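Here's the structure, in structure tokens; my notes come after.
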Amino acid sequence: MQTLKGNGVCNGIACGKIFFINKSSVNIERKPANDIPKELNRLENAVTKGIEELEELRKKTEKSADADTAGIFDTHILMLSDDDFTNDIKSYITENKVCAEYAVSEISKKYVQLFRNMDNAYLRERSRDVADISERLINILSDTEYNSLTSGNVIIAADDLSPSETAGFDRGHVMGFILKGGSATSHTSILAKTMNIPAIINIGDALTPDYDGKTAYIDGSDGKIYIEPDTTTTEMLENKRIHEKMRLEELNKLKGKPNITKNSKEIMLFANITTSADVDRIIDNDARGIGLLRSEFLYMDRKTLPSENELFEMYKSIAEKMDCKPVIIRTLDIGADKKTDALDLPYEENPALGWRAIRICLERTDIFETQLRAIYRASAYGNIYIMLPMIISVDEVVRAKEIIKKVCSDLKAENIPFKEIPVGIMIETPAAAIISDKLAKHVDFFSVGTNDLTQYTLAADRQNPHLSKLYTAHHTAILRLIKLAADNIHKEGKWIGICGEAAADNELLKLFIAIGIDEFSVSSGYLLPVKELILNTDLTGYILPNELNI
Ligand code: PEP
Ligand code: MG
């Protein structure tokens, strides 16, 4: 047995075979080839198998997703059938007398570089496709079960994962994530929590592809990984699993109870979701609404923007499933680590401080209007709210509301039914908290995004594991900003929630309730633990720390 240690970001014990992805990013060993015709033959067989796999994937995706997504596989098939690419690999094998895997990885690097240096943005993007098909070839050549993701339980291992890679995993088979790097408030970690999948990050160089294919248990509560555990350890982990199950049964008894503290303050306890696939789970965990639909996930991992109808169908199905409960749809918050190939966004040195979220929507009004039309059309089927991300000024709110007004008058002229929708904003920037008195005159509600508010206030990148000690929502500056905003917002008779990860922080919850936070929105797995905390909170005689009074 071997053990590794990282930081757990989503509790729970999971067991499965380790599946190391992004293998082509690790250096492929340069093995000499004595039998060149054999290597060439291996390559040809791998190309044929790769094309077959892609055709199969294309068929599957066509049935389960849209034609655009399935079209990605067409591009891959075309590239893999391209003689220039395969002939280059063959020449490399022959000239350098090396194994096929090594030749693929070297030629792939050359092509990736070639595409990356192109002026045309579309062609630049093809570098990723080259990397994808090369990885497929290497996996086939090294006899890796590429499709093991669809058979049996797997623990995904990687250097790091992008949010879109994470969102794409089959939840029926992926039991957990273990990452070399990562940070607790990256969207990959947040997704693990939303999907309620045990995850461990920051394992460091100890996590190597050598573990690929080995059976492992991972424990998200203490960040430990047990590779090929002995019988005693397996028993200990299975016992822990039983205890977790018993704890869950206790928590399940809270379902249906009103979210009221011991001193009679009623709290709204809502859930954070990324897609309609999350809705059943949050309803089952007693969510009284959706406090944050991260709508940008429907724009990621695809080459074209979603159509108005596609968005409408998704929002409608969520609104209907939630019955009359509030569904807060945050408008497109693309940018920083949430990237999409569907938008030709320019390269930026500091993307978190760059052209993202509402800044894009106010310039690309075509994209914003499409999303708003879909939201308003879906409003006829439930209780939808709109929330604007990354606000820093009253002017942005006024401009966004003008666009909303135009969308409403267009729909009216087209006789399309819709309801009045409350419009709120996120407090994710120090600016929004500081001018919350002004903003409160223009919107109906607020939600604090502590993930970004913390990074922008403390100048500490939420993605950077080296800064994890500096990056904390417990900092007095963050708590002061939240209190300032709550006071200002309540003066205008509006409500304020928290939808960042700090909403589920058991050390902060009492303080937040004392500050006057009206709503908490958390990932599905935290709904019942936070509910328990709310029910046990008693503010009688509680005095706010003096340092929060400014
Ligand atoms: C936040 O910033 O706290 C937030 C909820 O938004 P996101 O994590 O998607 O940036
Ligand atoms: Mg944010």
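The values are calculated or read from the model by the stated rules, or taken from the named source; none is laboratory data. Predicted model, so just to flag it, every value in this text is computed and none were measured. Because the Cβ atoms are built from the backbone with ideal geometry, glycine has one as well, and the counts that use them run over all protein chains shown. Surface areas here come from the heavy atoms of the whole protein model, side chains and all, with no ligands, DNA or RNA. Shrake-Rupley method; radii C 1.70, N 1.55, O 1.52, S 1.80 Å.
The figures follow:
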item	result
Leading residue at positive end of dipole, the chain (Cβ point charges), from Ile107, Thr86, Leu254	Leu254
Gap separating the Cα centres of the range 291-306 and the range 92-113, nearest whole Å	36
Neighbour cut-off at most 10 other Cβ (10 Å), DSSP loop, GluC sites (Glu not before Pro), the range 476-550	Glu507
5 angstrom amide H check on Asp212, placed H, neighbours 5+ away	none
Counting DSSP beta bridges with both ends in the range 131-271, the antiparallel % (nearest 5)	40
Lysine pair count for the range 271-363 [Cα-Cα under 27 Å; pairs on different chains or 8 or more apart]	7
Cβ-placed point charges (K, R +1; D, E -1), dipole of the range 409-550 about Cα centre in debye, nearest 20	200
For the chain, calculated [θ]222 nm from helices alone, where every DSSP H run of n ≥ 4 adds -39500 (n - 2.57)	-14000 deg cm²/dmol
Qualifying aspartates and glutamates (Cα of each under 20 Å from Cα of Lys240; at least 8 residues distant if same chain)	Asp219, Asp222, Glu228, Asp230, Glu249, Glu250
Between the range 405-446 and the range 239-267, the Cα center-to-center distance that results, in Å	34
Rounded to the nearest 20 debye, dipole of the chain from Cβ charges on Lys, Arg, Asp, Glu	1480
1.4 Å probe accessible area per residue over the range 357-430, in Å²	39
Nearby lysines by direct alpha-carbon distance to Lys245 (threshold 25 angstrom, same-chain neighbours under 8 apart not counted)	Lys5, Lys17, Lys193, Lys224, Lys253, Lys255, Lys257, Lys531
Calculated FRET value between Val394 and Lys110, using beta carbons and R₀ = 60 Å, to 0.05	0.70
The range 459-550 - accessible surface per residue (Å², probe 1.4 Å)	44
Carbon + sulfur, % of accessible area of the range 93-242 - ligands and nucleic acids excluded, 1.4 Å	48
Selection from Ser524, Ala460, Ala485, by position along the positive dipole direction of the range 402-550 (Cβ)	Ala485
Accessible area of the range 410-513 belonging to carbon and sulfur atoms, whole % at 1.4 Å probe	52
Distant-in-sequence amide H partners of Ala157 (H built 1.01 Å from N, under 5 Å)	Phe19, Phe20, Ile21, Ile178
Förster radius 30 Å - calculated FRET efficiency between Asp210 and Ser81, Cβ distance, rounded to 0.05	0.35
Total lysine pairs whose alpha carbons fall under 15 Å of each other in the range 434-521 (8 or more apart, or interchain)	7
Estimated FRET transfer efficiency (Asn34, Ser91; beta-carbon r; R0 22 Å; 0.05)	0.75
Longest exposed-site-free window of the chain, the sites being chymotrypsin sites (Phe, Trp or Tyr not before Pro) in a DSSP loop that have at most 14 other C-beta atoms within 10 Å	1-346
Cα centre as origin, Lys/Arg/Asp/Glu Cβ charges: the range 206-268 dipole, Debye	700
Per residue solvent-accessible surface (Å²) - the range 201-275, probe of 1.4 Å	53
Dipole of the chain, positive end: most advanced residue of Asn536, Ile282, Trp355 [Cβ charges, Cα centre]	Asn536
Under 5 Å, built H, 5+ apart or other chain: amide partners of Ile427	Ser447, Val448, Gly449
